[in-house]
Amino acid sequence: MKEHPRLPLATYVERPVAEMQARAIKFADRMQLRRTVRDFSNRPIPRDIIENVIRAAGSAPSGANQQPWHFVAVSNADVKREIRIAAEAEEREFYLNRRAGDEWLGALAHLGTDEHKPFLETAPWLIVVFGQRYGIDENGERIKHYYTPESVGIAMGMLITAVHHAGLVSLTHTPAPMKFLNEILKRPEHEAPYLILVVGYPAEDATVPVISRKAMDVISTFVD
Ligand code: IYR
């Protein structure tokens with residue numbers, strides 16, 4: 001049988017329980033402050049911050065460690081405009097031409113979204129997340145990927161967390177369908193777009209809807 005090399009776990013640092021408790025509280029509190037924002041400032045954000053939030057997302061666990069993701073970070077104004085034009089065309093179908101249906105539009109109403117997506121041009125960065133339905137090896141052969149949606153979902157959560165931790169705001173934007181992103185961003189057919197993460201500073205007059213988070217006893221059950 002083939003030997004697979006292993007290394008000692010050298011990155012783990014054990015902390016005293018009291019310190020872990022304090023850190024867990026602090027982090028959960030910090031995460032409560034994250035809000036999805038739709039009103040963005042056009043102030044620029046240095047590229048290295050975007051590189052590092054992607055680096056954080058790329059550390060996510062994935063099925064068979066296949067890391068079935070690709071992140072395209074767009075700050076180019078012409079490309080952002082192209083994305084906005086294509087996304088708004090899809091969103092007009094969704095909101096105005098009844099692709100969504102009454103039930104879906106009803107569920108969304110309190111968020112105040114519509115077919116206008118100015119943030120796709122205003123915000124300094126769009127991080128477009130692609131998931132690879134399969135991989136391609138050196139000989140051009142297909143490699144089956146496992147748990148792609150789950151893996152990409154985990155990476156997207158870490159990306160959103162990293163953006164928040166860095167001190168910026170984001171919007172998870174999912175025009176549907178978003179196949180147009182493959183064409184505009186020249187990504188291969190086997191990569192499916194999952195999300196446009198809009199990243200930047202909030203506009204000075206940014207507002208957010210009045211919504212609440214479900215209570216602990218609703219989202220969790222402890223069996224101890
Ligand atoms: N893609 C549309 C609609 C939309 C759908 C859901 I579910 C949301 O939580 C928010 C919006 C849009 O981006 O407006």
Original post:
What FRET efficiency, computed as 1/(1 + (r/R0)^6) with R0 = 22 Å and r the Cβ-Cβ distance, is obtained for Leu108 and Lys214, rounded to the nearest 0.05?
Top reply: 0.75
**OP:** Can you bin region 64-125 into rounded, prolate or oblate? Criterion: square roots of the alpha carbon gyration tensor eigenvalues sorted a ≥ b ≥ c, rounded for a/c under 1.5, prolate for a/b above b/c, oblate for the rest.
**Re:** oblate
Original post:
Rounded to the nearest whole Å², what accessible area per residue is found for the chain with the 1.4 Å probe?
Top reply: 66
**OP:** With label points built 7 Å along Cα→Cβ from the Cα atoms of Arg34 and Ala206, find their separation and express it in nm.
**Re:** 1.4
Original post:
Rounded if a/c is under 1.5, else prolate if a/b beats b/c, else oblate: with a ≥ b ≥ c from the C-alpha gyration tensor eigenvalues square-rooted, which is region 141-224?
Top reply: oblate
**OP:** Report, in whole Å, the centroid distance computed from the Cα atoms of region 146-224 and region 60-85.
**Re:** 12
Subject >> Under 5 Å, built H, 5+ apart or other chain: amide partners of Gly200 >> reply: Val169
**OP:** Among Pro16, Ala162, Val128, pick out the residue whose Cα is farthest towards the positive end of the charge dipole of the chain, where Lys and Arg carry +1 and Asp and Glu carry -1 on C-beta, about the Cα centre.
**Re:** Pro16
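Rounded, prolate or oblate: which fits region 27-74 when a ≥ b ≥ c are the square roots of the eigenvalues of the alpha-carbon gyration tensor, with rounded for a/c under 1.5 and prolate only if a/b beats b/c?
Taking the square roots of the gyration eigenvalues as a ≥ b ≥ c, region 27-74 is oblate.
When only DSSP loop residues count, what trypsin sites (Lys or Arg not before Pro) in region 49-98 have their Cβ near at most 14 other Cβ atoms within 10 Å?
For trypsin sites (Lys or Arg not before Pro) across region 49-98 that sit outside H, G, I, E and B with at most 14 neighbouring Cβ atoms in 10 Å, the list reads Arg98.
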Subject >> Two-site label geometry, Lys179 and Tyr12: point separation in nm, points 7 Å out along Cα→Cβ >> reply: 4.6
Original post:
Cα-based count: Lys pairs in the chain below 20 Å, eight or more positions apart or different chains?
Top reply: 5
Original post:
Of the accessible area of the chain, with the probe set at 1.4 angstrom, what percent is carbon plus sulfur?
Top reply: 55
**OP:** Go through 151-160, 171-180 and give me the packing order, highest mean Cβ count within 10 Å leading.
**Re:** 151-160, 171-180
Subject >> Computed lengthening from Phe222 to Asn42, 0.36 nm per intervening residue step minus Cα-Cα distance >> reply: 60.3 nm
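Can you give me the Rg/Rh ratio for the chain, using Cα atoms for both radii and the Kirkwood formula for Rh? Working shown, then result.
Values: Rg = 19.9 Å, Rh = 19.9 Å.
With Rh from the inverse mean 1/r over Cα pairs, Rg/Rh is 1.00.
The values are calculated or read from the model by the stated rules, or taken from the named source; none is laboratory data. Since the structure is predicted, the reported quantities are computational estimates derived from the model, not experimental observations. As a convention, Cβ positions derive from the backbone with ideal geometry for all residues, glycine included, and neighbour counts pool all protein chains shown. Side chains included, ligands, DNA and RNA excluded: accessible areas come from the protein's heavy atoms. Shrake-Rupley method; radii C 1.70, N 1.55, O 1.52, S 1.80 Å.
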